[in-house]
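See structure below.
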Amino acid sequence: MGGRPIEAAEANKPLLVGAASSLSEPLQALAPGFAAAQKVAAPSFNFAASGVLQQQIQMGAPIDVFISAGEKPMDRLEKAGLLVAGSRRVIAGNQLVLVVPSRSPLRSLQFGGLDSIAIRRIAIGDNSVPAGDYGRQTLAYYRLSEAVKAKLVPMGSVRAVANAVAAGHVDAGIVYKSDAHNVPNLRIVAGAPEASHAPIRYSAAVITTSRQTKLASTYLDSLTAAQARQLFRRYGLLPLPVAAKR
């Protein structure tokens with residue numbers, strides 16, 4: 001978390017980071033270290049579905065840094081000229097898994113068995129949630145899109161999906177491995193093959209409307225430092241090479 005301290009003029013107001021809800025634990029855990037190293041206030045966070053955050057930014061939300069769980073929301077902002085040139089980078093990856101409540105008898109369930117009559121409700125991210133996109137790609141890979149269409153329960157964030165499964169409101173859900181790691185009462189029963197969906201990468205960038213672009217850039221640098229990479233791994237994420245490109 002090292003680096004040159006930011007000028008006092010930029011330290012008066014905390015950065016506002018809009019980030020995918022699946023990053024809530026690691027980003028909050030890293031915040032105090034960044035603040036101490038840079039002698040600034042700890043970042044504030046707005047955690048939500050990546051697509052929702054993208055729309056908020058386009059509507060003028062005062063977000064300094066955006067971290068998306070999918071490339072599409074970031075692509076849209078880049079096309080709209082809302083990303084600081086050269087600031088976009090990949091900071092981590094994830095894996096897609098199928099989960100059931102920890103006490104569920106469906107311990108041998110696989111993606112290919114989601115059309116079973118024993119499965120009535122399957123939680124999945126809605127169209128604003130990148131995990132939902134990856135989940136639908138995986139269902140298509142197994143040729144189950146139509147077979148399970150009526151069973152799908154779309155939700156507004158991947159964390160909402162994980163919580164619904166943990167509470168037993170649905171029979172199964174499709175989430176990131178990190179959510180299964182961080183939400184209690186979940187059992188991973190299957191992992192989605194890499195070939196079944198697009199690569200899961202968290203893309204981050206500085207927003208052009210930020211009044212603290214230098215601080216925001218330093219914050220992004222901190223997310224690829226060794227300490228951040230270790231912590232991402234601890235929370236079930238997949239650290240990527242420093243300064244990884246799209």
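The values are calculated or read from the model by the stated rules, or taken from the named source; none is laboratory data. All figures in this text were calculated on a predicted structure; none of them were measured in a lab. Positions of Cβ are generated from backbone atoms using ideal geometry, with glycine treated the same way; all protein chains shown enter the neighbour counts.
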Point to revise | Output for segment 41-62, where each listed residue is β-branched (Val, Ile, Thr) and in a loop (DSSP other than H, G, I, E, B) | key: none
Point to revise | Single unsatisfied condition, HIS197 versus (1) in contact with a Leu (Cβ under 8 Å, 6 or more places away or on another chain); (2) modelled with pLDDT of 95 or more; (3) surrounded by fewer than 19 Cβ atoms within 10 Å (Cβ to Cβ); (4) more than 13 Å from SER87 (Cα to Cα) | key: (3)
Practice item. Considering each residue of segment 164-194, count those that are surrounded by 14 or more Cβ atoms within 10 Å (Cβ to Cβ) and assigned to a helix (DSSP H, G or I), and give that number. Key: 9
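Give GLY135, GLY112 a once-over and let me know the one that is out of contact with any Gly (no Cβ under 8 Å at 6 or more places or on another chain), part of a helix (DSSP H, G or I), at pLDDT 95 or above and closer than 17 Å to ALA192 by Cα. Show your work before the answer.
Values: GLY135 fails: out of contact with any Gly (no Cβ under 8 Å at 6 or more places or on another chain).
Testing whether each residue is out of contact with any Gly (no Cβ under 8 Å at 6 or more places or on another chain), part of a helix (DSSP H, G or I), at pLDDT 95 or above and closer than 17 Å to ALA192 by Cα leaves just GLY112.
Just need a number here: residues in segment 63-85 that are in a loop (DSSP other than H, G, I, E, B), in contact with a strand residue (DSSP E or B) (Cβ under 9 Å, 6 or more places away or on another chain) and at pLDDT 95 or above.
Applying the first criterion (in a loop (DSSP other than H, G, I, E, B)) to segment 63-85 yields 63-64, 69-70, 80-82, 84-85.
Adding the requirement that they be in contact with a strand residue (DSSP E or B) (Cβ under 9 Å, 6 or more places away or on another chain) leaves 63-64, 69-70, 82, 84.
From what's left, at pLDDT 95 or above: 63-64, 82, 84.
Total satisfying the criteria: 4.
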**Study point:** Leading residue by the ranking (surrounded by the fewest Cβ atoms within 10 Å (Cβ to Cβ)) among those in segment 140-163 that are outside any loop (DSSP other than H, G, I, E, B) and either in contact with a Lys or Arg (Cβ under 9 Å, 6 or more places away or on another chain) or β-branched (Val, Ile, Thr) (or both)
**Key:** VAL153
